[in-house]
Amino acid sequence: MDPSKQETNQKKASKTMAKKETQEFQFVVYNTMTQQKEVFKPKTPGKVRMYVCGVTAYDFSHLGHARAAVSFDVLYRYLKHLGYEVTYVRNFTDVDDKIIRRANETGEDPISLSDRYCKEYNIDMSDLQCLSPTHEPRVSDHMEQIKDMITQIINKDFGYVVDGDVFFAVDKFPNYGKLSGQKLENNRAGERVAVDSRKRNPSDFALWKAAKPGEPSWDSPWGPGRPGWHIECSAMSAHYLSFKFDIHGGGLDLIFPHHENEIAQSCAACEESDVSYWMHNGHVTNNNEKMSKSLGNFFTIRQITERYHPLALRYFLINAHYRSPLNYSVVQLEGASDAVFYIYQTLKDCQDALLQLQEEMPNDGKPARISPDAKECISKLRNEFQVKMSDDLSTSLILTGAFLEALKLVNNLLTMLKKKQQKRQRLLVIQSLKEVEKEVTKILDVLGLQLPCSYNEALLQLKEKALTRAGLVEDDVIRLINERAEVRRNKDFLKSDQMRAHLQAKGIALMDVGTETFWRPCVPVQQESGIVPSEGQKVPPKPETAEECRS
């Protein structure tokens, strides 16, 4: 068969399978609006329209931004896995008070400064393997849409103009507060900002701000100025997705007032405005306090990925349910790094073995014959993955259980290949290995943990990060391994154990295999206890090393 036709047929078969899976497993999501889990049903069968609030780009993005991006990237990937055609919009706020203040401090043009940090954000997203959204609109590119929506709001008597400013009249919108449950008076300016006496109601919020000296501004029917924060998302979501779409997402802190105000604006501009599901990810905390730039207790994504592999960070982020609080801890990051090293080492060993055994694999197009253990493993893996993911993206429950059992089976099958076997039995082992590996990589792909490079490259990167955290270079480790080998030859086993323990305390594990010694990263001994994970967050299991599984 022509290779291109074969690939097309495979894609068709994959989509058919995805549709069957969608029917067998109802995808359930938690809807903040109704405060309960609901079966996901898109407005248009087979298509999903999703808008997620992005970052205000004036600095490097922090761990809280990473959590939001990864949470909705997993949702995006899973919807595509289910066979949906997804239009995913995530905006950049590049016109804002914080941007203007930072630009004034640095002497830069605000739009140029924001553009620079938009690019830095996308570098971080690429490192974390977040797929690019369908559209990434910026406020500065959508002034006409914003002004048009404000005009609609004014024409329908939901907005009013005062000295070049435009405010939304919350008294005119009786359903204000339906998303958050907040009372109207809670939207009042208070501690940080003096109440503007020009407002009809202290809870009214700005749709358009009159220009101030030295600030970027755009012409409008109400005079030069710039948009308020909330209107941008209403205008851009309507522009790309219409007033009716399926999912609106963002961090928990956006529920009020941002998303509440979005609902008011959008419904004021168009009575038929409707979002089916409001989804929000939980906070990242540091010592149980919300991590944020305003509190100064945050870590940037870049600071973390200088010391940990980006996919170790991604593993850490999805190791808690997206709605639960996630407490930053070094022990969790160390555990995540150890877990991904084990995953990629196992898959590298599997890939290497299958490459060497290519000639022994049949090429007759018949379904692969696999062992009963492999069949049971694959069935359990598929079922557990679909059950957990379809239950509001319970990623924290996927990378344990059947997934770890599958990796252990891969290692067991690799061990069996080293033993003498009849040709038929050997072929069964080879095909079992190939099929189990295929299922494992499918799951990694949906979770965004499948590598963009070779397993070998990733393992080298993980080792390099471990050396950075230990304050060592590989030559230091090799020198200590050689010194320890001499100590062992002299039968000074106490000193040999002390040398091993010294490295293990730094996150470097030595493995003696026959007469040779290898090293790999590990969780530093002194960090294996002492930090309690937050509720809903699982400590990554400490897996057996691939070498230990096969010894």
What are the pairs, 6+ residues apart or on separate chains, where a residue within region 70-83 that is under 17 Å from PHE25 (Cα atoms) has its Cβ under 7 Å from a residue that is acidic (Asp, Glu) and open to solvent by 10 Å² or more (accessible area, probe 1.4 Å)? LEU82/GLU21
Looking for something surrounded by fewer than 17 Cβ atoms within 10 Å (Cβ to Cβ), modelled with pLDDT under 95 and in contact with a Cys (Cβ under 9 Å, 6 or more places away or on another chain) - is there at least one such residue anywhere in region 512-524? no
Pairs returned, first residue in region 378-402 that is without any contact (Cβ under 8 Å) to a residue 24 or more places away in the chain and farther than 22 Å from GLY282 by Cα, second residue that is part of a helix (DSSP H, G or I) and open to solvent by 10 Å² or more (accessible area, probe 1.4 Å), beta-carbon separation under 7 angstrom, 6 or more apart or interchain, are GLY401/GLU384
Which one of these is closer than 21 Å to CYS453 by Cα, among the hydroxyl-bearing types (Ser, Thr, Tyr) and touching a Lys or Arg at 6+ places or on another chain (Cβ under 8 Å): SER396, SER337? SER337
Those residues of region 482-524 that are in contact with a Ser or Thr (Cβ under 6 Å, 6 or more places away or on another chain) and either in a loop (DSSP other than H, G, I, E, B) or among the β-branched types (Val, Ile, Thr) (or both) come to a total of 1
State which residue is modelled with the lowest pLDDT when the search covers only region 399-412 and only residues that are open to solvent by 10 Å² or more (accessible area, probe 1.4 Å), closer than 17 Å to SER379 by Cα and touching a helix residue (DSSP H, G or I) at 6+ places or on another chain (Cβ under 8 Å). GLY401
Kindly indicate the residue of region 77-130 that is touching a strand residue (DSSP E or B) at 6+ places or on another chain (Cβ under 7 Å) and open to solvent by 60 Å² or more (accessible area, probe 1.4 Å) and also modelled with the lowest pLDDT among those meeting that condition. LYS98
Tell me which of these SER379 doesn't satisfy, since it passes every other one: (1) over 23 Å from GLY83 (Cα atoms); (2) of a type in the set (Ser, Thr, Tyr); (3) assigned to a helix (DSSP H, G or I). (1)
Within 30 Å of THR400 (Cβ to Cβ) and open to solvent by less than 10 Å² (accessible area, probe 1.4 Å) - does that describe any residue in region 294-304? yes
Can you list the strands (runs of 3 or more DSSP E) found entirely within region 191-288 that contain at least 1 residues being open to solvent by less than 50 Å² (accessible area, probe 1.4 Å), within 17 Å of ASP97 (Cα to Cα) and assigned by the TED database to the domain that holds THR44? 205-210, 225-227
Can you find a residue that is buried (at least 23 other Cβ atoms within 10 Å of the Cβ), outside the structural domain of THR32 (by the TED database) and either farther than 17 Å from LYS442 by Cβ or not acidic (Asp, Glu) (or both) anywhere in region 354-372? no
Given (1) modelled with pLDDT of 95 or more; (2) part of a loop (DSSP other than H, G, I, E, B), number of the condition PRO362 does not satisfy: (1)
Within region 179-193, identify whether any single residue is touching a strand residue (DSSP E or B) at 6+ places or on another chain (Cβ under 8 Å), at pLDDT 85 or above and under 14 Å from HIS259 (Cα atoms), and answer yes or no. yes
It is to be established whether one or more residues within region 136-149 are buried (at least 20 other Cβ atoms within 10 Å of the Cβ) and basic (Lys, Arg). yes
Hey, any hits in region 331-349 for a residue that's touching a helix residue (DSSP H, G or I) at 6+ places or on another chain (Cβ under 6 Å), open to solvent by 30 Å² or more (accessible area, probe 1.4 Å), polar (S, T, N, Q) and over 23 Å from TYR76 (Cβ atoms)? yes
Quick check on this structure: which one of ARG479, ARG426 is in a helix (DSSP H, G or I), at pLDDT below 95 and either open to solvent by 50 Å² or more (accessible area, probe 1.4 Å) or under 28 Å from PRO310 (Cα atoms) (or both)? ARG426
Scan region 499-527 and report the pairs whose first residue is within 16 Å of LEU472 (Cβ to Cβ) and of a type in the set (Gly, Ala, Ser) and whose second residue is modelled with pLDDT under 95 and open to solvent by 20 Å² or more (accessible area, probe 1.4 Å), with Cβ atoms within less than 7 Å and a gap of 6+ or a chain change. ALA505/VAL525; ALA505/GLN526
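The values are calculated or read from the model by the stated rules, or taken from the named source; none is laboratory data. All of these numbers come straight from a predicted model, not from anything done at the bench. Glycine also receives a Cβ, built like all others from the backbone with ideal geometry; neighbour counts cover every protein chain displayed. The accessibility values were calculated without ligands, DNA or RNA, using every heavy atom of the protein model including side chains. Shrake-Rupley method; radii C 1.70, N 1.55, O 1.52, S 1.80 Å.
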